[in-house]
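Report on the structure given below.
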Amino acid sequence: MKKSFWALPALALVAACGGNQPADKAAGSGAAITGAGSTFVYPVLSAWASDYAAQTGTKVNYQSIGSGGGVSQVKAGTVDFGATDQPLAADELAKSKLAQFPIVIGGIVAVVNLSGAEPGKLRLTGPVLADIYAGKVKTWNDPAIVQANPGMKLPGAAIAVVHRSDGSGTTFNFTHYLTQVSPAWKAGPGEGKTVAWPTGVGGKGNEGVAGYVKQIPNSIGYVEYAYALQGGMTYTALQNAAGNFVTPSAETFSNAAASADWAHAGDFDLVMTNAPGANAYPITATTFVLMPTSPANKANSKAALDFFRFALEHGKDRATKLDYVPLPATLVQQIESYVGQKIK
Amino acid sequence: MTAHGPIETSRSHGARADRFFTWSTACAAWLVLALLLGAALSMAWGGRLAFQTFGLGFITGPEWDAVNGRFGALVPIYGTLVTSAIALLIAFPVSIGIALFLTEIAPRWSRGPIGIAVELLAAIPSIIYGMWGLFVFAPFMGANVEPWLTEHLGDWPILGPLFDGPPIGIGMLTAGIVLGIMIIPFIAAVARDVFAEVPAPLKEAAVALGSTRWEVLTKVTLPYTRSAIIGAIFLGLGRALGETMAVTFVLGNAHDLSASLLMPSNSIAAAIANEFTEADSELYRSSLIALAFLLFVVTFIVLSFAKLLLLRLKRIHGRTL
């Protein structure tokens, strides 16, 4: 009686010890790289990861929990790398002993639900976009919009503004752009992953904003380029810093990347919005990878760097297919030398 | 004497088992209280920074500005209460109707299938209601119902401002209706069960005295089951107050205070679900936890109110089911 009473816990103990051994081994051999962060980069990162696993057998486990989550996870040391759409400043990186480099570029587009409007035909300037989101430009036939669209028939309907309800790197890049082109926006809501929106409804995630814009007539929203393309939405042309109206495309995104001054941005702390190039799209977004400069698990850190090297050098087609823009070759070289210096 | 031995030991064994049983059930009951208190305290503790910073202004402040670090919970509290009130307004009569039909009026063979269908409705995950609300119901509201409301009721003296606004299909009214549909099965299932418990002789006696169906309902069934029905309503209300996903989809998630039911708003649960992952400043996170604490307090107040109501009714009318 007594024996059988103690037998069960003893058995469980043995099983637990026995079960632990192989698990420890698997973790120690560095067979899986772990990362967490930006949802923006998730589609391309997971595509790269499956390509990489097929070629090398090394698995990359990426959790798209959001940029803020990625930053805190990598700071806590629970993952091998973090990914964020909002770069950290050099002093914060130094304090947390992190290195930072860009990994891929994408674009954020303004999408409208306006009968008769075709993709890329409706033109908006930065200040007008800011005024729409501030609730100052209330109707589609407002003189400010008519002026940028001579000859276009615009309805007198009220503009329904759609923004993100959750904190997001997409919102950060969008509001960063509005802050640069509109002093009123800078003085008012400002920039951040979430701001105090003066007007409009909030959709959760890119899919939430896209869903609202599709359903609410005369609405405007902002989503990642890929969402606009896949959803067949009407995106607008935006006026860039050089004064030209540009439509979003892989070409205009890479123009923006090429014209941005990466060489002089310490730790690549650079947000590319409102880039100066003549044909640069004004709201481009970059996802940055964060890695500890002196990692506890050196084998995993090296494996992660190998993976990113693979992604930057051999993952270009993948990125392009998914409507992202691979980094220009000069930038990849800068990243190589930066990583070599920083991560030991 | 010899026969006493075994009986004595088995009795003392039985007493020990009884004591053990008493203790274990007491532990289970205390565990619930401890969990409740622990959850409340940890939320109050997590939200202390927000309460310290804003004081009472956290509850009365309409502002929610993460960039400048100013947070007030008035809009989410208002949105939570208004959507839940609309939900209850819709769900209560419909649920009672369903329950009465199933117990009194429907042919006996159809009661089983309809009852199961109602219970199945309760098993649908809330995100399904949310997506249905976003993709099917909100466009319908925006295209048909809301323009009609604005046109016909928008000019009324007191009700007018409630229905004045752009017909975008997303807002407090839509969220309240979706919530109402969600809580109908909960109230209806409980109501059906308690209506079935009303003794047949009571109803038969009423019928024998010449009562109509309506009179049997209002004079016998409802008074007899009053406490249980109020309990069912507050079960549904509790669910509506804390519902997250479905509301997030159709409420609009905007921190704007507006009298109009057609305008987007925010609820406590939706704000937490939307914003917690990217709340990167200490104060922001603390404010969200403080919101959770307020939801706790709001729910507690509502349930206490229900208990008080029951006690009052008991004093006036005596015990019921």
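The values are calculated or read from the model by the stated rules, or taken from the named source; none is laboratory data. Being a predicted model, the structure only gives us computed values, none of them experimental. We place every Cβ from the backbone using ideal geometry, glycine too, and count neighbours over all the protein chains shown. These accessible areas exclude ligands, DNA and RNA; they are computed on the full protein's heavy atoms, side chains included. Shrake-Rupley method; radii C 1.70, N 1.55, O 1.52, S 1.80 Å.
Looking at the stretch B:80-116 only, could you name the residues that are open to solvent by less than 50 Å² (accessible area, probe 1.4 Å) and farther than 25 Å from B:Asn266 by Cα? Steps first, please.
First pass over the stretch B:80-116, keeping only residues open to solvent by less than 50 Å² (accessible area, probe 1.4 Å): B:80, B:82-84, B:86-88, B:91, B:95-100, B:102-103, B:106, B:110, B:112, B:115.
The answer is B:Ser95, B:Ile96, B:Gly97, B:Ile98, B:Ala99, B:Leu100, B:Leu102, B:Thr103, B:Ala106, B:Ser110, B:Gly112, B:Gly115.
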> Among the residues of the stretch A:53-85, which ones are within 25 Å of A:Asp317 (Cα to Cα) and open to solvent by 20 Å² or more (accessible area, probe 1.4 Å)?
Replying inline: A:Ala53, A:Ala54, A:Gln55, A:Thr56, A:Gly57, A:Thr58, A:Lys59, A:Val60, A:Asn61, A:Tyr62, A:Gln63, A:Ser64
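What do you reckon, is A:Leu229 modelled with pLDDT of 85 or more, under 21 Å from the mean Cα position of the chain (by Cα) and surrounded by fewer than 23 Cβ atoms within 10 Å (Cβ to Cβ)? Don't jump to the end; show me each part of the working.
On the way: modelled with pLDDT of 85 or more: yes; under 21 Å from the mean Cα position of the chain (by Cα): yes; surrounded by fewer than 23 Cβ atoms within 10 Å (Cβ to Cβ): yes.
Criteria met by A:Leu229.
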> Would the stretch A:172-192 turn up any residue that is within 10 Å of another protein chain (Cβ to nearest Cβ), modelled with pLDDT under 90, buried (at least 24 other Cβ atoms within 10 Å of the Cβ) and within 17 Å of the chain's Cα centre (by Cα)?
Replying inline: no
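Output yes when any residue across the stretch B:150-164 is within 14 Å of chain A (Cβ to nearest Cβ), part of a helix (DSSP H, G or I) and either open to solvent by 30 Å² or more (accessible area, probe 1.4 Å) or closer than 21 Å to B:Leu89 by Cβ (or both), and no when none is.
Yes, that holds for at least one residue.
Give the stretch A:95-118 a look and list any residue that's on the phi < 0 side of the Ramachandran plot and either within 14 Å of chain B (Cβ to nearest Cβ) or open to solvent by 70 Å² or more (accessible area, probe 1.4 Å) (or both), or say none.
Kept after step one, since they are on the phi < 0 side of the Ramachandran plot, are these residues of the stretch A:95-118: A:95-96, A:98-115, A:117-118.
Once the filter is applied, which keeps residues that are on the phi < 0 side of the Ramachandran plot and either within 14 Å of chain B (Cβ to nearest Cβ) or open to solvent by 70 Å² or more (accessible area, probe 1.4 Å) (or both), the stretch A:95-118 yields A:Lys95, A:Ser96, A:Asn113, A:Ser115, A:Glu118.
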>> If I filter the stretch A:316-334 for residues that are open to solvent by 50 Å² or more (accessible area, probe 1.4 Å), within 23 Å of A:Ala94 (Cα to Cα) and either hydroxyl-bearing (Ser, Thr, Tyr) or in contact (Cβ under 8 Å) with a residue 24 or more places away in the chain (or both), do I get at least one hit?
In response: yes
> Given the stretch B:234-321, what helices (runs of 4 or more DSSP H) lie entirely inside it while holding 2 or more residues that are open to solvent by less than 10 Å² (accessible area, probe 1.4 Å), within 21 Å of A:Ile216 (Cβ to Cβ) and β-branched (Val, Ile, Thr)?
Replying inline: B:245-251
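Being open to solvent by 20 Å² or more (accessible area, probe 1.4 Å), among the hydrophobic types (A, V, I, L, M, F, W, C), over 20 Å from A:Val111 (Cα atoms) and within 14 Å of another protein chain (Cβ to nearest Cβ) is true for just one of A:Ala263, A:Ala196, A:Ala242. Which residue is that?
On the way: A:Ala263 fails: within 14 Å of another protein chain (Cβ to nearest Cβ); A:Ala242 fails: within 14 Å of another protein chain (Cβ to nearest Cβ).
Exactly one of A:Ala263, A:Ala196, A:Ala242 is open to solvent by 20 Å² or more (accessible area, probe 1.4 Å), among the hydrophobic types (A, V, I, L, M, F, W, C), over 20 Å from A:Val111 (Cα atoms) and within 14 Å of another protein chain (Cβ to nearest Cβ), namely A:Ala196.
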> Can you tell me how many residues in the stretch A:159-191 are out of contact with any Asp or Glu (no Cβ under 6 Å at 6 or more places or on another chain) and either of a type in the set (Lys, Arg) or without any contact (Cβ under 8 Å) to a residue 24 or more places away in the chain (or both)?
Replying inline: 6
> List pairs: first in the stretch A:206-218 and under 19 Å from A:Ser64 (Cβ atoms) and open to solvent by less than 40 Å² (accessible area, probe 1.4 Å), second small (Gly, Ala, Ser) and in a helix (DSSP H, G or I), Cβ under 8 Å, 6+ apart or cross-chain?
Replying inline: A:Ala210/A:Ala228
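Just to be sure I understand, how many residues within the stretch A:34-90 are in a helix (DSSP H, G or I) and either within 14 Å of chain B (Cβ to nearest Cβ) or not hydroxyl-bearing (Ser, Thr, Tyr) (or both)? Outline the logic, then answer.
Filtering the stretch A:34-90 for residues in a helix (DSSP H, G or I) gives A:42-56, A:67-76, A:90.
If we keep only those that are either within 14 Å of chain B (Cβ to nearest Cβ) or not hydroxyl-bearing (Ser, Thr, Tyr) (or both) as well, we get A:42-45, A:47-49, A:51, A:53-55, A:67-76, A:90.
Residues flagged as in a helix (DSSP H, G or I) and either within 14 Å of chain B (Cβ to nearest Cβ) or not hydroxyl-bearing (Ser, Thr, Tyr) (or both) within the stretch A:34-90 amount to 22.
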